[in-house]
Amino acid sequence: MADTRTIGIIAGNGVYPETFARAARSKCPDVRLVAAAFHDETAPDFLDLVDASEWFRVGQLGKMIKFFKAQKATEAIMVGQIAPKNLFDLRPDLRTLMLLARLKERNAESLFGGIGEELAKDGIELLPATTFLEDLLPAPGPVCGPPMKKRQLEDAAFGFRIAKESSRLDIGQTVVVRHGTVLAVEAFEGTNACIRRGGELGRGKDVMLVKVSKPNQDFRFDVPVVGPQTIETCLGAGVRAIAVEARKTLLLERDTISRLCQEHGISIHAVESP
């Protein structure tokens, strides 16, 4: 076991953990995968794809690191989100309390960065969240669905600028726009709630979702992601166009995304950062 590459998966919700595990098996057949699963977050079926696993509460950092060390993991990766309600329901262990005590700000970047530092203290390197998934990062230009028209591309550029500024201020990485007007900005409520709010305000007419990475994004965590659930939410909210940042946004289950976009006339376009 000591000579085998072992990666610890910090597994949140959604299809992201499964997508990573399957890609890791395909590109590194001898890899050993061990998962830290979280109650009310990680899909139980995901654990069938790993070699070892243990369940944790959000906030049990010391226990999780102890598990990874026992499994001889020298690398770890964060894949999948943790619901905001669970972040507010923390029951931190001593190691988490010590981490929180030294943080001046408790945002995603500082919190996850602190977790990376704690892992490093025990010889565990936190990998980029795009590891083995580089082929899911779209190049600039049309991605899925009908090509965007000139007016839509102008809105994409406008929304891109707004989302970059919003993410720089650590508010959110997603905005909903229409004809040069900001309808909604993502904050703590998350992307899906932002989409619904923006779609309602825009009444489903020429409404666009724009999602970007943060300036100087730390790709070990908080990477922008679009998956089938994003498309379904857009469909329900009347959002028919999506602009993402090229080479910096993961498209999970791309075949399903392409099918949904084709069936429902939803456009996805990847915008190159200036």
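Remarks
- Rounded to the nearest 20 debye, dipole of the range 24-172 from Cβ charges on Lys, Arg, Asp, Glu: 340
- Positive end of the dipole of the chain (Cβ unit charges, origin at the Cα centre): among Val226, Leu153, His269, the Cα lying farthest that way belongs to Leu153.
- Percent RCO, i.e. relative contact order, over the range 207-274, from Cα pairs under 8 Å lying at least 6 residues apart: 39
- Estimated distance in nm for a label pair at Thr4 and Arg91, the labels positioned 7 Å out from Cα along Cα-to-Cβ: 3.2
- Around the Cα centre of the chain, unit charges on the Cβ atoms of Lys, Arg, Asp and Glu (plus for the first two, minus for the last two) sum to a dipole of about 560 debye.
- For Cα extents along the principal axes in Å, the candidate list reads [x] 58, 39, 28; [y] 50, 40, 36; [z] 56, 41, 33; the entry that matches the value derived from this model is [z].
- DSSP beta bridges fully contained in the range 6-159 are about 5 percent antiparallel.
- Gaussian network model of the chain, Cα within-10 Å springs - most flexible of Ile162, Ile195, Ile171: Ile171
- Loop-located trypsin sites (Lys or Arg not before Pro) in the range 130-215 (DSSP state not H, G, I, E or B) with no more than 15 neighbouring Cβ atoms inside 10 Å: Lys149, Arg203, Lys205.
- A protection proxy built from the mean count of other Cβ atoms within 10 Å ranks the segments 255-264, 110-119, most packed first, as 110-119, 255-264.
- Averaged per residue, the range 149-205 has 55 square angstrom of accessible surface, using a 1.4 angstrom probe with ligands and nucleic acids left out.
- If you run the Gaussian network model on the chain, springs between alpha carbon atoms under 10 Å, then out of Arg102, Arg25, Arg247 the most flexible one is Arg102.
- Lacking any other cysteine beta-carbon closer than 4.7 Å, the following Cys residues of the chain have no compatible partner: Cys28, Cys194, Cys234.
- The separation of the range 1-24 from the range 146-161, counted between C-alpha centres, amounts to 36 Å.
- DSSP-assigned coil residues among chymotrypsin sites (Phe, Trp or Tyr not before Pro) in the range 6-89, each with at most 15 further Cβ atoms within 10 Å: Phe88
- Distance between the pseudo-spin-label points of Glu117 and Phe219 (7 Å out from Cα toward the beta carbon): 2.4 nm.
- For the listed residue pairs Lys164/Lys205; Lys149/Lys248; Lys69/Lys248, the alpha carbons are over 29 angstrom apart in Lys69/Lys248.
- Using the Cβ-Cβ distance between Ala187 and Arg25 with R0 set to 45 Å, the FRET efficiency from 1/(1 + (r/R0)^6) comes to roughly 0.80.
The values are calculated or read from the model by the stated rules, or taken from the named source; none is laboratory data. As the structure is a prediction and not an experimental result, all values here were calculated from the model. No Cβ is skipped: glycine too gets one built from the backbone with ideal geometry, and neighbour counts run over all protein chains shown. The area values use the complete protein model at the heavy-atom level, side chains included, leaving out ligands, DNA and RNA. Shrake-Rupley method; radii C 1.70, N 1.55, O 1.52, S 1.80 Å.
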